[in-house]
Amino acid sequence: MPAGWSPPLPSKASPPQPPLSSRNSEGRVTSQHEQAQQSATLGSVRWLQIQSGSDLDLHSQLKDLIPEQQDRLKKLKAEHGKVELGKITVDMVIGGMRGMTGLLWETSLLDPEEGIRFRGLSIPECQKVLPAAKPGGEPLPEGLLWLLLTGKVPSKEQVDALSKELQSRSTVPDYVYKAINALPVTAHPMTQFASGVMALQVKSEFQKAYEKGMPKAKFWEPTYEDSLNLIAQVPVVASYVYRRIFKGGQIIPADESLDYGGNFSHMLGFDNPKMLELMRLYVTIHSDHEGGNVSAHTAHLVASALSDPYLSFAAALNGLAGPLHGLANQEVLLWIKSVVEECGENITTDQLKDYVWKTLNSGKVVPGFGHGVLRKTDPRYMCQREFALKYLPDDPLFQLVSKLYEVVPPILTELGKVKNPWPNVDAHSGVLLNHFGLSEARYFTVLFGVSRSMGVCSQLIWDRALGLPLERPKSVTMDWLESYCKKAA
Ligand SMILES: CC(C)(COP(=O)(O)OP(=O)(O)OC[C@H]1O[C@@H](n2cnc3c(N)ncnc32)[C@H](O)[C@@H]1OP(=O)(O)O)[C@@H](O)C(=O)NCCC(=O)NCCS
C-alpha cells in the first residue's frame, strides 16, 4: 500500500454552515444555548454540541475525531488497564457469556431497564433531535449513521449531503445479481441476500489495500470506503431479492429524489408516504443494539481477523438469520397469522391464552417476547406501537398485537424461568409492514439486515481507527471447570 493512500472520494471543502439546530420535546427548534444545556443533561453524548461552520463531509469529520479518540483509548489503557470489571462465574461460561463485560463497542449502549441509547441518545431523543424528511417526521437513517459514526447530531444539510453520497455509491455490479440468480428462487431471502453481500466483496477496497500493504494507521480509510459502499448498496441488493422472489423479477429503479429509507421502500414497490416514514423509523431503530448480540458480535469478531467489512457483515447476516435473533420478526407474523387462521380475528382473551399455552406446550418459544439483556418492554417496541396508534389504530392485527402485550407476559412469568417476559422489537414490526402491503414474512429479516449494516459498519470503522486487536477469548473444557471448582472449594 503506498504511504499516501487516500480514499477514492476525497473530502470536499465545506461551505460555512448555520449553527446546528434541532427539535426539542415539543417539536420546537431549540437555540444553541438550549442545546448546550441539553447536551449537559444527556451526559454521555460528549460531542452533542453546536458546530458552527460544520463540515458537510463525513469522512473529514471522522478524520478530525480519530486522533482524539485514539489518545483517549491509550490513556484509558495506560491509567486503568488493570481495573477489574467484575467476576466471571461458571454459569456465565456455560450460559452464553450473559452479563460478562468483554467487548468495546462505541456506537451504542444497552441498559437492561431503559433500552438502547445510540451515542447516548435514547430512541425518543433520536426522534426529537435527528433531522426528518418532513417536520415532525421520523428520523432519517442517514442522520443516525452520522450520529453513530461521529457522536454528533447532524444538521439537515449534513444528512442531505450524506444521502447524496450514499446514492453516488449505490451502483451494484452485474455479477452480484448473477450470483443471486444462481440460487433457486425458493431459497430463503436471507440466503439470497447474504450471497449478494458476499458477491459485493469482490470490490473490497480494504482487501486490495491490505494486499498492497498499508500502515495500520490507515486501516480505517479503506474500511470507511467499503462500509459506505456496503451501506449504500445493501438496499439495492435487498430490494432485488424481494422483487425476484415475490414480484416476478420486475425491478424498480431507484428514485434519486428520495432519501435512503424512502428510496428503499420505493425500490421494494411501496410508495405510500406513511410506508416511507415507517421504513425510515424501521432502519433507524434496527441499526444497532450494542456489541454483544449475535449479529453485531459476529461482525466484530470476524473483522478482528482483519476480514473486510463485506466478509464481516455477511457473517453477521448469517447470525441474524437464526430464529432466536433476527428471524424472530418472520416468526412473529407467521405465528400471529396462525392465531387468526385458527381462532379468527375476534379472538377472545381466553382463546388467546390457550393458544399461547399450546405454543409453549409444543416446545416452541413465543416469538417476539424475551431478551438476553433487556428486562423491560423494548423501547423499539414502544415506538412502533406509537407509530401504529398514529397511523393504523384500527388494524385488526395491530389490535391482536396489543392483546398479546396483555396476555403473554403473565404467562411467561408463570413459567418461572423466563427472565424477561416483555415484548421485544420483533413483536411489532411485522404487523406494521403487513398493514402497508409488505406481507411476505419470510422477507422481514432482510429488512433487519439492511438496517444492521449501519451499526455494524460504523463500529468496524472505529475498530480499525482505534486499532482494536484480534478477538481471542479463552475457552475451557468441562474437565477443566470441574477440577478448577474442586480446587476452589
Ligand atoms: C431472546 C431469547 C433468545 C433470550 O434468551 P435467554 O437470554 O436465554 O432468555 P432467558 O434467560 O429468559 O431464558 C430462560 C428460559 O426461558 C425461556 N424463554 C425465554 N423467552 C421465551 C419465550 N419468548 N417463550 C418461551 N420461552 C422463553 C428460554 O428458552 C429458556 O428456557 P430453557 O431454560 O428451558 O432453555 C429468548 O427470550 C427467546 O427465545 N425469545 C423468543 C425469540 C425472540 O423473540 N427473539 C428475538 C430477540 S430480540
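Readers should treat all values here as calculations from the given coordinates under stated rules, not as data from a laboratory. It should be emphasised that the depicted structure is a prediction, and the values quoted were computed from it without experimental measurement. Neighbour counts run over all protein chains shown; Cβ positions are idealised from the backbone, glycine included.
Kindly write out, for the stretch 222-236 in residue order, the coupling ³J(HN,Hα) from the Karplus curve 6.51 cos²θ - 1.76 cosθ + 1.60 (θ = phi - 60°), rounded to whole Hz, with x marking Gly and Pro.
x, 5, 4, 4, 4, 5, 5, 4, 4, 4, 5, 8, 4, x, 5
Order the peptides 176-186, 298-308 from the highest to the lowest mean number of other Cβ atoms within 10 Å of their residues. Can you show the working numbers first?
On the way: 176-186: 14.4, 298-308: 20.8.
Highest to lowest by the protection proxy: 298-308, 176-186.
Name the lysines eligible as straight-distance cross-link partners of Lys337: C-alpha to C-alpha under 21 Å, and not fewer than 8 places from it in the same chain.
Within the straight-line limit of under 21 Å, Lys337 reaches these lysines: Lys353, Lys358, Lys364, Lys403.
Ignoring solvent entirely, what values of log10 I(q)/I(0) come out of the Debye formula for the stretch 406-489 at 0.21, 0.25 Å⁻¹ when each Cα is a single scatterer?
Those come out to -0.97, -1.11, one per q.
How large is ³J(HN,Hα), in whole Hz, for each residue of the stretch 171-185 in order, when computed from phi with the Karplus curve 6.51 cos²θ - 1.76 cosθ + 1.60 and θ = phi - 60°, using x for Gly and Pro?
Using θ = phi - 60°, the values come out as 6, 9, x, 4, 5, 5, 5, 5, 4, 5, 5, 5, 8, x, 5 Hz.
Can you tell me which of 78-88, 221-231 comes out highest on packing, and rank the rest after it, using the mean Cβ neighbours within 10 Å?
Ranking, from highest mean packing down: 221-231, 78-88.
Give a residue-ordered list of calculated ³J(HN,Hα) values for the stretch 382-398 (Karplus: 6.51 cos²θ - 1.76 cosθ + 1.60, θ = phi - 60°; whole Hz; x for Gly, Pro).
In residue order, the calculated couplings are 4, 6, 6, 5, 4, 4, 5, 5, 7, 10, 9, x, 9, 5, x, 6, 5 Hz.
Where the eigenvalues come from the Cα gyration tensor of the stretch 328-435, what are the semi-axes √(5λ) of the equivalent ellipsoid, largest first, in whole Å?
That gives 20, 18, 11 Å for the three semi-axes.
Between Ser108 and residues 5 or more places away or on another chain, which pairs have amide H atoms under 5 Å apart, with H built 1.01 Å from N, and which residues are they?
Result for Ser108 returns Arg119, Glu290.
Taking amide H positions as placed 1.01 Å from N in the peptide plane, with prolines and chain starts having none, which residues 5 or more places from Phe369, or on another chain, fall under 5 Å of its amide H?
So Phe369 has HN proximity to Asn424.
Using only Cα atoms, figure out Rg for the chain and give it as a multiple of 2.2 N^0.38 Å.
On the way: Rg = 22.8 Å, N = 489, 2.2 N^0.38 = 23.1 Å.
Here the answer is 0.98, to two decimals.
State the answer as a single residue: which of Pro469, Trp357, Asn263 lies farthest towards the positive end of the charge dipole of the chain, with beta carbon charges of +1 for Lys and Arg and -1 for Asp and Glu, about the Cα centre.
Pro469
Which residue, Phe206, Leu62, Met382, has the largest displacement toward the positive end of the dipole of the chain when charges sit on each Cβ (Lys, Arg +1; Asp, Glu -1)?
With unit charges placed on the Cβ atoms, the residue in question is Phe206.
Could you rank the peptides 381-390, 141-150 by their average count of other C-beta atoms within 10 Å per residue, with the highest value first?
Details: 381-390: 18.4, 141-150: 27.2.
In decreasing order of mean packing, 381-390, 141-150 become 141-150, 381-390.
State the Cα centre-to-centre distance between the stretch 162-197 and the stretch 73-136 in whole Å.
31 Å
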